Amino acid sequence: METSHTASLIAVESLSASTRLFRFETGGEHLPFVAGQFYRFTFTDAAGLFERSYSFSQFDPKLPLSQFELVISAVAGGRATDLLFNAELGLTVQLKGPYGRLILPADDKRCLVLVATSVGVAPFLPMLQNLEAGEHQRFDSVHLLFGVRDPTEVLFQETLLRLRSKASWFELTVHCSRSQDSAMDWQYSGYVTNGLTQLALDPKSDHVLVCGNPKMVDDVYAALRLQQFGPRSVIREKYVFAVQEKSLQGPSRSSSDEALLQQKMKAYGVTLATDPKPLKPV
Ligand SMILES: Cc1cc2nc3c(=O)[nH]c(=O)nc-3n(C[C@H](O)[C@H](O)[C@H](O)COP(=O)(O)OP(=O)(O)OC[C@H]3O[C@@H](n4cnc5c(N)ncnc54)[C@H](O)[C@@H]3O)c2cc1C
């Protein structure tokens, strides 16, 4: 039996026209997770119970361990959107997890590449916190390729630019699909796949984590396959809609994936939910 946890909404902050940060408090419980993982939430509205998945996205090291944050983009007519974007503080939710293999690799690598579109940057936020706290030493460099429609959608821009200016190991490029190149040397027009071609990656020494829009995830993977990358060096998480999520069978973990995940969980001093089966729905 998987353990179900309860949490209450304690704060909401607007990040952009369509995206908000939701902070929850568990009432003292420290929910296990390795940076990059997600939980499955059960919400209740007038029509009954329903489930959605959200990545834990907290990255402030001062956040109490009993709290977690979600970064959620509104979807027109979306059931969870309607509930959460109109919720009062105190809303109670149930959640199970953690799930997912979108985590930092166990082995040291030359180059770590994080590729996100829009709110797909959420799972990379706690990872960046861990990297900044010292894990960056396991990589020569870390590149975040962030795809958005236009520059107004660059979530956490200030935080990302602050890290870029102070950390020599961190590179940020923002790829805007609907606007021209800007004067900023980190902003380009086009898709994140263009940014990949600039990196001269090597499947033997480099590792890529990709999260967000399913089409972008497929396009990035296809581009990397041409460079001889395979599923072990490109970990993908698609933010599929709930209806797609249900219809997909999550692949069961291979024994080496299982060992890697256990190793990471141990390193972070956390335990896995008792039934870890519903993995990333890629
Ligand atoms: C592993 C995983 C982690 C996720 N983490 C996050 C996260 O951290 N933050 C986050 O914001 N979302 C995340 N998602 C997506 C999230 O689970 C929901 O699918 C999303 O919030 C929409 O839910 P909803 O109930 O508002 O919309 P629904 O009621 O599910 O959808 C309403 C309608 O909109 C369509 N639709 C749904 N989503 C989109 C979309 N993105 N673009 C266009 N049309 C859409 C549906 O097909 C449907 O017709 C994640 C998904 C997965 C699988």
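The values are calculated or read from the model by the stated rules, or taken from the named source; none is laboratory data. Just so you know, these numbers come straight off a predicted model, no measurement behind them. All Cβ positions, even for glycine, are placed from backbone atoms using ideal geometry, and neighbour counts span all protein chains on display.
List of remarks:
- Matching residues, the stretch 46-94, being under 17 Å from A122 (Cα atoms), out of contact with any helix residue (DSSP H, G or I) (no Cβ under 7 Å at 6 or more places or on another chain), within 14 Å of the ligand (Cβ to nearest atom) and of a type outside the set (A, V, I, L, M, F, W, C): Y54, S55, E69, T81
- Among the helices (runs of 4 or more DSSP H) confined to the stretch 57-174, the ones with at least 1 residues that are at pLDDT 95 or above and hydroxyl-bearing (S, T, Y) are located at 79-85, 157-166.
- Residues (over 26 Å from A17 (Cβ atoms), exposed (fewer than 15 other Cβ atoms within 10 Å of the Cβ) and either touching a residue at least 24 places away in the same chain (Cβ under 8 Å) or of a type in the set (D, E) (or both)) located in the stretch 131-166: A133, D140
- Restricting the stretch 2-23 to residues that are among the β-branched types (V, I, T) and surrounded by fewer than 16 Cβ atoms within 10 Å (Cβ to Cβ) leaves a set whose member that is nearest to T81 (Cα to Cα) is I10.
- Residues that are more than 18 Å from G90 (Cα to Cα) and among the β-branched types (V, I, T) within the stretch 5-31 comprise just one, T19.
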